1. Across segment 93-127, what is the total count of residues that are away from the ligand (no atom under 16 Å from the Cβ) and under 13 Å from Arg306 (Cα atoms)?
2. Which residue pairs have Cβ atoms under 9 Å apart, sit 6 or more places apart or on different chains, and have a first residue in segment 265-285 that is over 22 Å from Ala74 (Cβ atoms) and more than 16 Å from the ligand (Cβ to nearest atom) and a second that is among the basic types (Lys, Arg) and not in a loop (DSSP other than H, G, I, E, B)?
3. Considering only segment 233-260, how many residues are buried (at least 18 other Cβ atoms within 10 Å of the Cβ) and either part of a loop (DSSP other than H, G, I, E, B) or more than 12 Å from the ligand (Cβ to nearest atom) (or both)?
4. Tell me yes or no: at least one residue of segment 317-328 is modelled with pLDDT of 95 or more and within 16 Å of the ligand (Cβ to nearest atom).
5. Counting only residues that are among the hydrophobic types (A, V, I, L, M, F, W, C) and part of a loop (DSSP other than H, G, I, E, B), which one in segment 168-207 is nearest to Val250 (Cα to Cα)?
6. In this structure, does Gln263 turn out to be surrounded by fewer than 23 Cβ atoms within 10 Å (Cβ to Cβ) and not hydroxyl-bearing (Ser, Thr, Tyr)?
Amino acid sequence: MLERDTLKILQEALRKLDAGFVSLPEFAAAATDSQKISEVLTSTAERLHDNYPYFHPLYAGQMLKPPHPVARLAYALAQWINPNNHALDGGRASSAMEQEAVAEIAAMFGWHTHLGHLCGGGTMANLEALWVAGQRAPGKTILASEQAHYTHQRISRVLQLPCETVRCDARGRMDVEALRARLARGDVGTVVATMGTTATGSVDPLAEILLLRQKFRFRIHADAAYGGYFHLAGNLAEETRRNFDQIQHVDSIVIDPHKHGLQPYGCGCVLFRDPEVGRLYKHDSPYTYFSSAELHLGEISLECSRPGAAAVALWATQRLLPLQKHGEFAKSLERCREAALRFHQRLAQDGRFLTPFLPELDILVFAPRAASVDEASALTRKIFQAAARRNLHLAIAEIPVAFFDPQWTSAKQDRFGLTCLRTVLMKPEHLDWLDRIWAILDQAAQECSGR
Ligand SMILES: *Cc1c(COP(=O)(O)O)cnc(C)c1O
């Protein structure tokens with residue numbers, strides 16, 4: 001199941017890496033006990049059995065996607081150097097590779113000048129974006145939708161900035177009229193537009209939010225941690241496409257290469273349209289930067305030590321799979337959305353399930369039809385377990401009942417009352433596995449409801 005052939009390529013690359021240091025006097029690192037390492041590593045592998053099979057197409061639950069082999073190998077290769085992208089002294093090549101890879105991501109969004117860098121993940125990246133937003137509009141309110149990632153609330157508390165939520169429409173997107181009404185009351189510094197919510201992959205109406213910016217001045221931060229790469233996909237719905245096409249007009253963007261960008265965890269990215277915000281990071285450390293007058297990434301990032309290996313892996317991946325429309329990488333994202341659309345169609349044609357809106361990206365939520373919200377929620381949990389016993393791993397999510405069935409809403413149900421099934425079809429292989437995924441879901445549903 002686990003790909004191992006590419007390890008031979010790593011051996012070759014390591015020889016090449018070693019050849020770059022031949023001018024040094026002969027040196028051997030302190031002896032290691034291979035036998036003991038082997039024993040420990042074998043028991044480590046056993047220990048790792050206690051995981052869901054994230055790499056397999058039958059894992060279709062949370063946002064987990066295996067790194068591309070080239071990313072895994074480049075990351076491993078860089079471990080023999082173990083560069084630190086805090087300062088050029090700690091990682092010259094990997095700092096340059098980070099700047100190149102990040103500039104390619106910025107260019108994907110239509111930015112030819114920018115300020116940006118990699119960081120630990122979407123949370124850190126959003127923290128920096130909202131920190132800059134707070135510096136630019138001190139004390140002003142941050143608005144994000146009800147379906148925005150909970151991290152924005154938490155980050156705002158860390159930054160001691162007021163944060164409020166804006167209602168969503170029945171498709172999980174920020175409600176523009178509710179936003180307009182809140183903006184009219186004043187004191188809003190920043191609006192967070194989520195370009196692909198974590199629960200349902202809904203894309204906030206960025207085009208309309210931009211129109212509101214002309215009237216009420218505020219910053220716009222695009223949280224594209226999950227959805228950002230779909231900018232390259234050629235098969236988005238017209239409305240989703242229109243919103244992605246406006247992304248170049250926002251003030252900051254967050255994207256997670258460790259979600260859809262085929263990277264190991266520990267790779268988020270924050271981008272600012274105006275490079276001037278670099279001034280806000282100013283500090284006067286006496287010791288970190290002494291080797292050159294060039295920019296050290298630590299001068300424009302809140303985190304200090306950071307894995308240069310993450311930049312090396314991202315750089316190598318973008319060499320193999322450039323961020324281009326109609327390219328191989330874009331096509332693999334198109335397959336993911338296609339899989340979600342086809343799965344949605346099957347669910348919609350089957351009387352046993354309720355599905356809300358068409359998926360905008362590759363995330364789908366659905367629930368078994370039942371007489372009440374409580375019954376549907378209970379049945380969801382049973383189906384989830386019955387599918388897992390057959391090796392199909394879905395996820396469970398709490399979704400506003402209004403997304404599903406207006407009748408339930410009128411029955412005074414809790415807005416966040418329905419426990420439903422959720423599937424993230426983020427591997428290109430999912431498209432080929434739809435029949436098998438459906439067959440297991442069908443059996444699981446039959447077992448649970450006798451239908
Ligand atoms: C995943 C996600 C985050 C948080 O990012 P991490 O990489 O998990 O820290 C923030 N916003 C959105 C929309 C996300 O999908």
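1. Of the residues in segment 93-127, 3 are away from the ligand (no atom under 16 Å from the Cβ) and under 13 Å from Arg306 (Cα atoms).
2. Val277/Arg136; Leu280/Arg136
3. Going through segment 233-260, the residues buried (at least 18 other Cβ atoms within 10 Å of the Cβ) turn out to be 233, 236, 240, 243-244, 246-247, 250-260.
Cutting the leftovers down to either part of a loop (DSSP other than H, G, I, E, B) or more than 12 Å from the ligand (Cβ to nearest atom) (or both) gives us 233, 236, 240, 243-244, 246-247, 250-252, 256-260.
Total meeting the criteria: 15.
4. Of segment 317-328, the ones modelled with pLDDT of 95 or more are 317-328.
Next, only the ones that are within 16 Å of the ligand (Cβ to nearest atom) stay: none.
No, the conditions are met nowhere in segment 317-328.
5. First, the residues of segment 168-207 that are among the hydrophobic types (A, V, I, L, M, F, W, C): 168, 170, 174, 176, 178-179, 181, 183-184, 188, 191-193, 195, 199, 203, 206-207.
Okay, now just the ones that are also part of a loop (DSSP other than H, G, I, E, B), so 170, 199.
Details: Ala170: 25, Ala199: 23 Å.
Among those that are among the hydrophobic types (A, V, I, L, M, F, W, C) and part of a loop (DSSP other than H, G, I, E, B), it is Ala199.
6. No.
Residue-by-condition table, conditions (1) acidic (Asp, Glu); (2) over 20 Å from the mean Cα position of the chain (by Cα); (3) at pLDDT 90 or above; (4) outside the structural domain of Phe357 (by TED's automatic domain parsing):
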residue	(1), (2), (3), (4)
Leu394	no, no, yes, no
Phe404	no, yes, no, no
Gln407	no, yes, no, no
Ser410	no, yes, no, no
Arg415	no, yes, no, no
Cys420	no, yes, yes, no
Val424	no, no, yes, no
His430	no, no, yes, no
Arg436	no, yes, yes, no
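A quick yes/no check of all residues on (1) in contact (Cβ under 8 Å) with a residue 12 or more places away in the chain; (2) touching a Gly at 6+ places or on another chain (Cβ under 6 Å); (3) within 15 Å of the ligand (Cβ to nearest atom):
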site	(1), (2), (3)
His149	yes, no, yes
Val158	yes, no, yes
Arg173	yes, no, yes
Glu177	no, no, no
Arg185	no, no, no
Val188	yes, no, no
Val191	yes, no, yes
Met195	yes, yes, yes
Pro205	yes, no, no
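The values are calculated or read from the model by the stated rules, or taken from the named source; none is laboratory data. These numbers were taken from a predicted model, which means no experiment stands behind them. With ideal geometry, Cβ positions are generated from the backbone for all residues, glycine too; neighbour counts draw on all protein chains shown.
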